[in-house]
1. Counting only DSSP beta bridges with both residues in the chain, tell me the antiparallel percent, nearest 5.
2. How far is it, in nm, from the label point at residue 80 to the one at residue 185 when both lie 7 Å from their Cα along the line to the Cβ?
3. Which of the trypsin sites (Lys or Arg not before Pro) across region 62-164 are loop residues per DSSP, with 13 or fewer other Cβ within 10 Å?
4. Out of all DSSP beta bridges with both ends in region 1-159, state the antiparallel percent to the nearest 5.
5. For residue 68, give me every one of the aspartates and glutamates with a C-alpha distance below 13 angstrom, ignoring sequence neighbours fewer than eight places off in its own chain.
6. Distance cut-off 22 Å, Cα to Cα: go down the list 256/349; 136/156; 79/121 and report the pairs above it.
7. Could you work out the longest stretch of the chain that avoids the GluC sites (Glu not before Pro) located in DSSP loops with at most 14 other Cβ atoms within 10 Å?
8. For a label point 7 angstrom out from the Cα of residue 211 toward its Cβ, which stretches of region 14-41 have the backbone nitrogen within less than 12 Å?
Amino acid sequence: MSFNKLPALRMADLVASVPIVQGGMGVGVSLSSLASAVANEGGIGVIATAGIGMLEPDFMTNLAEANKRALRKEMRKAKELTTGIIGVNIMVALTDYDGLVEVAFDERAEIVFLGAGIARKPKTLSIDRLTSGTTKVAPIVSSARAVNVIFQYWGKNYNHVPDAIVVEGPLAGGHLGFKREQIDDPDYSLEKILPEVISAVEPYEQRFAKSIPVIAAGGIYTGADIYEFTQLGAQGVQMATRFVATYECDAAIQFKEAYLKCKQEDLIIIDSPVGLPGRAIKSRFLEEVSAGTKKPFKCPWKCLKTCKLEESPYCIGLALTNAKRGNLRNGFAFAGANAYRVDRIVSVKELVKTLLVEYETAARA
């Protein structure tokens, strides 16, 4: 293998020839179209489950079943479009977390990424099935402390540990695993926390005799960025923002154009109704909410355990779904800190090719 060539991402028998994970983007932004296109280029395509059922006609009356049905549909579509690696992103904080994990295992997802909480086994999923290796599991964390909490829990309860870890820094889009005051603090930068997470994982690799790759995420934009973080020890990267501005992204063109039009000062930190800070593109909708305007809504089902339903001025699930469909007047787009750098829509094939060339250029330099 050439020294300048990006190495594969390996999780036991699962090998991604291009070590790029397309980040899961909820409420229908990353579904089968985007995920399969990424998988076809050798990366890991990811279907996000948060709010996935809001695209079903009966979501207002039967959201739990709509979520599972929508995930099954998208998994099967993706499997028809690619023989590559398809993953599923599931937030632990989702009320129907258990059911969605089971569907992901039933539909033979190659890997499940678990974020927004301490990853655990669903009650009805057997330990044998969880640890069989057929579907890999990768928690998403924002600190070495979270690694230890999760791995100690898994070791004690399952005599097993996850197959990979995604460490997400504060430059990511959407909900962030940091307090507001930590977002711009250099002590919490991805460059700082990545080596700490790698060090935290190493004892578990030795104890359980397995390689556990660490995947860096949050603000990674170019092939040169990929080179930088692989030099710091990451064995792969997760990228989401770059994949929004692709033809294959499942969001409406108006959603993609919000990325094309935004400036750096338009990327703001909001207080989400689910109790976390989040990075989004400034919009009229968010300005009105910030000014005290309440957006009346009927909650179909408390989809996130942490949602402050009674206090919330709007339903974030509905707002994000509206935006995904192109109705930015009644919603808004989450985006990473580098979204302002997006200047055109390209194919996934062209994007991956560009990233690989940029990586090789950085490696030669």
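What follows draws every value from the coordinates through simple rules; no lab data is involved. Just so you know, these numbers come straight off a predicted model, no measurement behind them. Neighbour counts run over all protein chains shown; Cβ positions are idealised from the backbone, glycine included.
1. 30 percent
2. 4.9 nm
3. Numbers: sites: 68, 69, 72, 73, 76, 77, 79, 108, 120, 123, 129, 136, 145, 156; in loops: 108, 120, 123.
For trypsin sites (Lys or Arg not before Pro) across region 62-164 that sit outside H, G, I, E and B with at most 13 neighbouring Cβ atoms in 10 Å, the list reads 108, 123.
4. About 15 percent, rounded to the nearest 5.
5. 56, 58, 96, 98, 102, 106, 107
6. In this structure, 79/121 lie more than 22 Å apart at Cα.
7. 1-309
8. 14-16
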